[in-house]
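Reading through the C-alpha cells given below for one structure.
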Amino acid sequence: MTANGSVGSSPNRVGGRDRVTGAQQYVADIHLVDELQAKLVKIDEGRARIISIDTTKAEQVPGVQLILTPKDLPHPMPRFGPQYEDRPILADGEVKYHGEPIAAVAADTKEAAEEAVALVEVEYEVLPGVFSIDAALDPDADLVQHPSLRPNEPFAHSNIKTEFNFGWGDIGAIEGEADYVIERKYEFPMVTHFAIEPHAFMVAPEGDELKVWSTIQHPFQLQKTLAKLLDLPLSKLRIFAPDPGGGFGGKQHPKLEPLVAYMAMKTGRPVRLIMSLEETFQAVRRSSTRVRVRLGLTNDGDMVFNDTETDYLIGAYVDIADRVASKASYVAAGPYRVPVVKIAGRTILSNTTPTTAFRGFGVPQITWARECTLDEAALGLGIDRLEIRRRNLPEKGVEFIPGDTPADGDWRQTVDKAAELIGWDAPLSEGRGRGIALGLKSGPTTGLSYSTVRLLADGSALVFCGTSDMGQGARTVLSQIVAQEMGIPIERISVIMGDTAIVPYDQQTSASRSTVLMGTSVYRACKDIHGKVRAMASRIHGMDEADIDVDGGTVRFTGEELPIVEVVQEGLGSLGGEVIGNGEMRKDKEPDHPLAGSAAFFEFNCTAIEAEVDDETGEIQIIKHVTVGDVGTALNPQQVHGQDEGAAIMGLGHTLMEVMIHDEMGRIRNMGAIDYRIPTSKDLPAELVSDSIENSDGPGPYGAKGVSEGSLLCTAPAVGAAVREATGLTIRDLPLTPQRVWEAMREQT
Amino acid sequence: MKEFSYERPESLDDALRLLAASGSEVEVLAGGTDLVIAMRDGQSQPKVVVDLKRITEFYPSLMWAGDTVTLSATATMAETVDDEGINKHFPALAEAAVVVGSVQIRNRATLLGNICNGSPAADTAPPLLAYDAIIVVAGPDGTRRVEIDEFIVGPGRTALQDGEIAVALELRLPSRPLGSAYERMTRRKGTDLASVTLCATVDDAGITRVAFGSVGPRAWLRTDESGVLADPDASDEAKAAVFEEIFADATPSVRSLRASPDYRRAMLRVLGARAVRRALRRLQELQGVS
Amino acid sequence: MSEVIHIEANINGRDRAFEVAANHTLLDVLRDQLGLTGTKECCVVGECGACTVVVDGMPMNSCLMLAVEIDGRDVISVEGLATDGRLSTLQQAFLDVSAPQCGFCIPGQLMSAHAFLQRNLDPSIEDVHEALGGNLCRCAGYLQITEAVMLAAKAGRE
C-alpha cells in the first residue's frame, strides 16, 4: 500500500502553500507587543582604534530607549564563537573589520533609531589593516588578533590562525616516478551569501526566561551560546527559528543575537534587529583562497602524487572558518586514487568580514584549483580531459582516502552520464569550447539528531524535529518518510520545527545532512511506532509478536494485511490517544580521525559545460550546463532537481560575476544589490540539464545521500575549461567577467 | 527617511508656485526610482516633495502631433517602449528604454527623470542626444526649450534652475531616412547599470552620429561627416581612426566598480562598430521600403 | 512632526481609508501598518523585486514608492491572489512544480508573474525571463518558477 506522497514521489512541498500565499512567517514578519527597534552604530573604516563614544546628542532623540556601548557590557568583553570564543559582543576598543558594530540603539521606531545612530559621535583613529593574503603574511603587518586572545597557539604572534597537514605517503620517495609534474596557483575571490532574507533577530525577556527569534540555521547551537554567555540554564532560553529565507551556510552560527539579548535585558522590552542587505555583506562571506597545486603524473595520465597548499583568507574573527578550511583541505586531492598526497592548509586572519560556512564548505575554492590544474596537465600530456579523470577514479568500495569512508558510489556512471549529456565527443562550433570537472565533498562527519513522531488516533501524524527548512525541503522529505512508514497520506502529516522548547535536540542543519541524519532519525521513530503497533496487534489478535510483520504502513500476520492506522485505532480503543515513537541518529566523533570523524557519505558531482566566448567583448555565454550527482536514492525527485539546479546557478554566480570589492582602506565598496551581481533569470544557461545516478547506495533512509551542494563544487573549473577550449586562454582567477576574459585575450595577442 | 511634507498639485502653475515657495529644499517626484533611494540614504533631505503625477497638463503622457512626439514628465519607460511610433521611428530609444532596470522599474521610472537625474550612465541619454531631443522647461518666467546637448551638464547636473521643472521631451521625425541602434555593456545579462552606453545613427547622406555615455562626466554626441563609418567598403583602419577621434573625450573613471578605463575604451570601439553596422542595416531596410 | 496624510485605496479588492506618514514607503505601510507581511523587504533599492506589488495592473517595487502615491489606486499584494481560500491558477502552478524553495522571493515573483499574465497568456520562455528579470531568487529556482508561469499561462489559454 502506497500512501500519497510516499518516498520516491514529488508531492507538493510541505509549507509550499504558505509560501505562495504570503502566509509563511519569517522572523521579520513577526512583531512583539511593546517591541523596540534596534539599529547598529558603525564607522565607515576597515580598521580603527576607538577613542571615545559620545551618546549625549543621540540620547536626546525622542523615542530612544537605550544606546548600548561597550561600557554597558561586562568586563572583560564577553566573546563567543563556534570554534573559538573570539567574537566580542561589540567592537572591543578596535573596529577590526568594515562594519563591525561599535554600539547599538534601541528606540520606539525605526526612524528614531536611525536618527540616533547618526548622532552617536565616535572619535577614532584609522589604523592600517590587512585585507589580503600577502598583506596579512607580511612580517611587518599589524596583528589582527592580539596574542593574548589566543594563548598557547603556535602562530599567535602572526596572522596565521592555524595550519593543517593531511596526506599519506612520502612525496620525496615517489617524486621520481612522475613523468610529468605541473605546479599552478589559482585564486578564488571573496563572495557573499546574499540570501534574499537578510538576517533578523528578536529577543524578549519574559519572567526568568529569554525568548529569542532568529533566522539561524542551528537553533540549538544558539541556545548553547546564549546560555553560556548569559549564564542561564538551557531550559530558560527558548529559541524560535522560523524557516529561514535562504541560508546557504550564512545563517549557521550566532551573529548578533547576543547583542540583542543584552539590549533586551537592559531595557526589559523585546528588541528587534532586522539587518539590511548591505549589513549582511559585513556579517558573512566565503573565505577567499589562494591554492597552489603540484601534480605528478605518469605519461599515461595516472596520478602519482598531489602536493597541495591552501591559503584561506578568513576574517577578523574565526566563526567556523577553521573548520571550513581544514575539512575542505582534507579532500583536496579530490575523487581520485592518488598514491601519495601532501596537503598543507592555512587559515589567515585579516581585517575583513568574518568568513563562515557557505554552500560547498571550502571545497569549491580547492576544486577550482585542482580541476583546472588537472586540465592543464591533460593538455600538457596530450590526454583527453575526460579520460584523465576517468582513469584515476576509484572503483566503488576503494578507500581512496586512507582511513576514511571508501568511495561510496559508482562514480564512473556519473561521469559517463555527464559526458554523454554534454556530447563530449561531438564536433564543436567555432568560438565554442567544452569543459568537464569533478567535485567531491565530505558529508557530515559527526551528527546527533533526535526526533519524535506522534501517530494520532485519527490516522494523522505530527513530526517533531530540530532541522531548519531553509528551502532544501526537509519538511517535505521527512513527511514523505512518515507517509511511507505509517501508510498515511502526506496531507495528514504536520512537521513541527524551529522551537527548542518543543522539538528535541538536533545538532545542526548543514553539510547536506537533513535527509540522511534527521531522515534516519525520523525513520527510526517510525520503526519505534512499528514496534508498538506490533505489540498492539499481538494483544488484539492474541498472536505472538514474532509472527507479526509491520512495514511500510501495513501490519501483516497469517494471511491478513491491515493498515497500521486500523490496528492503532482498535488498539487505542474508546479513550483514543496516540502512539509515540522516538528516533535518534548519532554519528559520534572518531578521536583518531584527522577531522575527528569520517564522512557519512560523499557528495559527488560531475559538471560539464559548453560555452561560447565573444572574442571582442570577452562575454561568456553558457550554451549548455550539465550537472549529474550521485544521489543514492532521490526521495523527492522534484526537490533533488531544485537543489541541484539551484546550486549550479549559484555556482555560475561566483564563476561569472560575483566578487566583493574592497578599497585600499578595507571598506567594502559594492555592498548591496546594485554593484554585487548575482544571477537573474536572464543569466541562465541556454540549456541546463540536471540528472542523477541512483543506486540506492547511500547511508540514509532508502539508500539516500545528501544532494544540496554537489553541483556548485565544480561549476567554475568546468566553465574555465570551456573558455580555455574556446579561446586558448587559461585564466587563474575568478570571476570570469567579460573584462577579465578580454584582458586575458589582449595579453595573449 | 527624513520627514518632509508632500504636495500633489493638479496644475503646472500650482507646481511652479510650490517650487518657488520652497527654494532649494524641494524635490520633484515623478517615478521616484532614484529619488526614494536618495531620500532613504539621506543624500537628499528635502523639506517638500512635489509629486508631479496629478498635474493634468501632463496627460496623455505620450502624444504624437504631426512630425513630433511629446513625452511629458510622467511618461514612463514602459510607455516609451510600448509606443509603436517610437519603436518605428526611434528604435534606439526603445532599445535603450527597455533595458532600464526591470519591468517594475520601467513601470515607474520616467524618461525625463532619467535625463534630469543626470547620471552619466543613463541609458536613454545617448539615443536622445543622437535624435536631437528638445527638453521643454517651465519656470516662473515661462517656458523655454533646451536642446538636450545643452540640458545635460555633468554628473547629477542639468540646465534646470531652481524653481524650474522639465515638463516635456520632444522628438521630431528625422528629416531624411535615418538608421539607428543602441548598444550597451554590462556585467551580467540581467538588469544592470551599463559600463558603456552608445547610440549610432546613420543617414542617407552618409553622416554618422555617435552618442555615448558612462565613460565620463556626461554623455557626448559626436559626428562623422567624412562618411567613413557609413561606408561599407571603408577599411577597418580608416574606421578605427574615425572612432579614435570620436571617442577622444572619453574619460572613464579609474574608481568605477563596473569596469576598468581600458576595457571601457575598448568596448566603445566594439559597440561603436556594432551599432553603426546595425544602424546601417536599418537604414537600408528603410530605403528598401521607400 | 511627521506629516500624516489621509488616503483611500483599494487593497486586495477591499476599499480602505487610512492615514500614512509622508515619508513612509508603500512597503513600510503594507508590512508594518496594514499587516500584509507577505510582501518582503530585502534590497530596498529596486533591484531584488522581493517587495513587488501590482498597482493598477502594473508590477512595481513597493520599496521605491511613497505610500501616499497609492491614493485612489488599486493595489494587489500576494495576499490578494487567492480568493476565498482557493489558490489562483498561478499559485497552484508554483506549488505543483515546487517553485518555492526557501520562499522568500516567491511573493514578488508571483506578483510580477500575475501582472505579466494579465497581458500575455502565450509567452515564450524568454518573455517570462524578461518579465521576472527583476525578481532575484538566490535558491535559483528559476527553472521551476519559469515552468510554473508557463503552466499557468497554458491553463489561462484553456
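Quick notes on this structure:
- Counts of other chain beta carbons within 10 angstrom of each beta carbon in peptide C:139-151 average 5.
- Virtual spin-label span in nm between B:T143 and B:L257, 7 Å along Cα→Cβ: 4.1
- Label-to-label distance for A:E163 and C:D84 is 7.4 nm, based on points extended 7 Å past Cα in the beta-carbon direction.
- Over chain A, Cα pairs under 8 Å with separation of 6+ residues give a relative contact order of 16 percent.
- Zero-based 10 Å bins, Cα pair distances in chain B, whole percents: 7, 29, 34, 21, 8, 2, 0
- In terms of other Cβ atoms within 10 Å, B:T223, A:T633, B:T74, B:T124 run from fewest to most in the order B:T223, A:T633, B:T74, B:T124.
- With viscosity 0.890 mPa s and temperature 25 °C, the Kirkwood radius over alpha carbon pairs of region B:139-211 converts through Stokes-Einstein to a diffusion coefficient of 158 µm²/s.
- Calculated over region C:4-78: convex hull of Cα atoms, volume per residue (Å³): 72
- Taking only the C-alpha atoms of region A:441-503, the Rg (one decimal) and the largest Cα-Cα distance, Dmax (whole number), read 12.7, 43 Å.
- Region B:129-228: relative contact order in percent, alpha carbon pairs under 8 Å with at least 6 residues between: 24
- In order along region A:493-502, the phi-based Karplus estimate (6.51 cos²θ - 1.76 cosθ + 1.60, θ = phi - 60°) of 3J(HN,Hα) comes to 10, 10, 10, 9, 9, x, 8, 5, 7, 10 Hz; Gly and Pro are listed as x.
- Assigned charges on the beta-carbon of Lys, Arg, Asp, Glu; chain A dipole about Cα centre (debye): 1040
- Per-residue packing, averaged as other Cβ atoms within 10 Å, sorts the ranges C:16-27, B:190-201 into the order B:190-201, C:16-27, beginning with the highest.
- Straight Cα distances below 13 angstrom link C:K40 to the aspartates and glutamates A:D29, A:E197, C:D28, C:D32, C:E79, with same-chain residues fewer than 8 positions distant left out.
- Cα-based Rg and Dmax for region B:178-289, where Dmax is the largest Cα-Cα distance (Å): 14.0, 47
- Burial ordering of A:I496, B:I152, fewest other beta-carbon atoms within 10 Å first: A:I496, B:I152
- Amide H contacts for A:T289 (H built 1.01 Å from N in the peptide plane; partners 5 or more residues away or on another chain; cut-off under 5 Å): A:F188, A:L313.
- 15 Å reach of a label modelled at A:S696, 7 Å along Cα-to-Cβ, counting backbone N of region A:550-569: A:552
- Convex hull volume of region A:677-749 per residue (C-alpha atoms, cubic angstrom): 145
- Spin-label model distance (nm) - A:S52 vs A:L127, 7 Å beyond Cα toward Cβ: 2.0
- Sequence-separation-based contact order of region B:178-289, relative, with Cα cut under 8 Å and 6+ spacing, percent: 34
- Shielding value for B:104-116 is 4, the average number of Cβ atoms from other chains within 10 Å of each residue's Cβ.
- According to the Kirkwood relation over distinct C-alpha pairs, the hydrodynamic radius of region C:89-157 is 11.5 Å.
- Debye-sum result for region A:273-389 in log10 I(q)/I(0), which assumes one identical scatterer on each alpha carbon, at q = 0.11, 0.12, 0.13, 0.17 Å⁻¹: -0.42, -0.49, -0.55, -0.80
- Computed from phi, the 3J(HN,Hα) profile of region B:7-13 under the Karplus parametrisation 6.51, -1.76, 1.60 (θ = phi - 60°) reads 10, 9, x, 10, 9, 5, 4 Hz, with x in place of Gly and Pro.
- Long pairs among A:K57/B:K47; A:K42/A:K161; A:K589/A:K705, criterion Cα-Cα beyond 24 Å: A:K42/A:K161
- Between B:V167 and B:V136, B:V137, B:A138, the built amide H atoms are under 5 Å apart, and every one of these is 5 or more places off in sequence or on another chain.
- Kirkwood Rh and Cα Rg combined as Rg/Rh, region A:386-478: 1.17
- Tail fraction, Cα-Cα pairs, chain A, threshold 42 Å, whole percent: 32
- Working note: Karplus 6.51/-1.76/1.60 with θ = phi - 60° gives region C:129-145 the couplings 4, 5, 4, 9, x, x, 10, 6, 10, 7, 5, 6, x, 4, 5, 5, 5 Hz, where Gly and Pro are set to x.
- Distances between placed amide hydrogens fall under 5 Å for A:T554 paired with A:I564, all partners being 5 or more residues away or on another chain.
- Average partner coverage of B:51-59, which counts Cβ from other chains inside 10 Å: 1
- Region B:5-51: Cα Rg divided by the 2.2 N^0.38 Å rule of thumb: 1.10
- From the alpha carbon centroid of region B:35-78 to that of region A:578-611 is 58 Å.
- Computed over chain C, the convex hull of the alpha-carbon atoms projects to a mean area of 9.1 nm².
- Percent of Cα pairs exceeding the 16 Å cut-off, where the set is region A:1-94: 76
- Contour minus Cα-Cα distance for A:E187 and A:I174 (0.36 nm per residue): 1.9 nm
Read-outs throughout are calculated quantities, based only on the coordinates presented, and are distinct from any laboratory measurement. Small disclaimer: the values here were computed from a predicted structure and weren't measured. Note that we place each Cβ from the backbone using ideal geometry, even for glycine, and neighbour counts take in every protein chain shown.
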